[in-house]
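The values are calculated or read from the model by the stated rules, or taken from the named source; none is laboratory data. Since the model is a prediction, treat every value here as computed from it, not as a measurement. No Cβ is skipped: glycine too gets one built from the backbone with ideal geometry, and neighbour counts run over all protein chains shown.
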Amino acid sequence: MNDSYLTIEESILHKITRKKSRFIALLSAAASPDDVSEQLSKARKLYHDATHHCSAYRLLMDDALIEGSSDDGEPAGSAGMPMLHQLAGHDLCNVLAIVIRYYGGTNLGVGGLVRAYSDAVSEALEHVRIITQALLTHITIRFPVEVNSSVMSTLHRFPVQIEALMYEEPVRIECSLPPSQVNALRGALTEATGARVEMEVAL
């Protein structure tokens, strides 16, 4: 299980021209399929007079990779997939690529389209900073107050970010840690407290 992923630091717009057809590549962060749909809708409105609005995205959700692409009327496999291959080739996640095409009057052919859409995203990626983003899993821990010292000493052995601590009965701690550490922490808390801890992992 990965504890981090690569993504882009900021949005970018990059333009290229191929045989008088203009291609505008828009790269931006995306967190969910709804986010992708919303950004695509905005791009269609902003570039309402364009011939095509092709797209590709890679999203990391609940440790599952979700990929998608659209040729938006271009020949099958000539736009969305080449764009997706560029994102995958850089191992990027939570990124949306949209390429707007204004037809210039000359057909590019399938091979020419593949190169054009691929180049638009590839060149845009050359001008954007790629960063490593940490993944964190949110957990809630509940336990009787008499095992508080055992719980706290165990937590200090792990890369846990404590967000809230409520001394009630039972004591409740809201915290986050890398996904790869969740099972190890559960086992350590169970051993340290004689299985007197409840640990709930947010989905």
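For the condition of a type in the set (A, V, I, L, M) and over 22 Å from residue 78 (Cα atoms), what is the one hit in 25, 50, 31?
Result: 31 is the single residue among 25, 50, 31 that is of a type in the set (A, V, I, L, M) and over 22 Å from residue 78 (Cα atoms).
Any chance region 77-92 includes a residue that's free of Cβ contacts under 8 Å to residues at least 40 places away in the same chain, part of a loop (DSSP other than H, G, I, E, B) and crowded, with 20+ Cβ neighbours inside 10 Å?
yes
If I go through region 133-162 residue by residue, how many of them are touching a residue at least 24 places away in the same chain (Cβ under 8 Å) and part of a strand (DSSP E or B)?
Total meeting the criteria: 10.
Pick from 116, 124, 120: which is crowded, with 19+ Cβ neighbours inside 10 Å, in the same structural domain as residue 87 (by TED's automatic domain parsing), in contact with a Lys or Arg (Cβ under 6 Å, 6 or more places away or on another chain) and not basic (Lys, Arg)?
One residue alone meets the criteria, 116.
From the list 41, 28, 4, 55, which residue is farther than 17 Å from residue 126 by Cβ, touching a Leu at 6+ places or on another chain (Cβ under 8 Å) and modelled with pLDDT of 95 or more?
Answer to the check: 55.
Does residue 99 fit the bill of being assigned to a helix (DSSP H, G or I) and in the same structural domain as residue 56 (by TED's automatic domain parsing)?
No: the conditions fail for residue 99.
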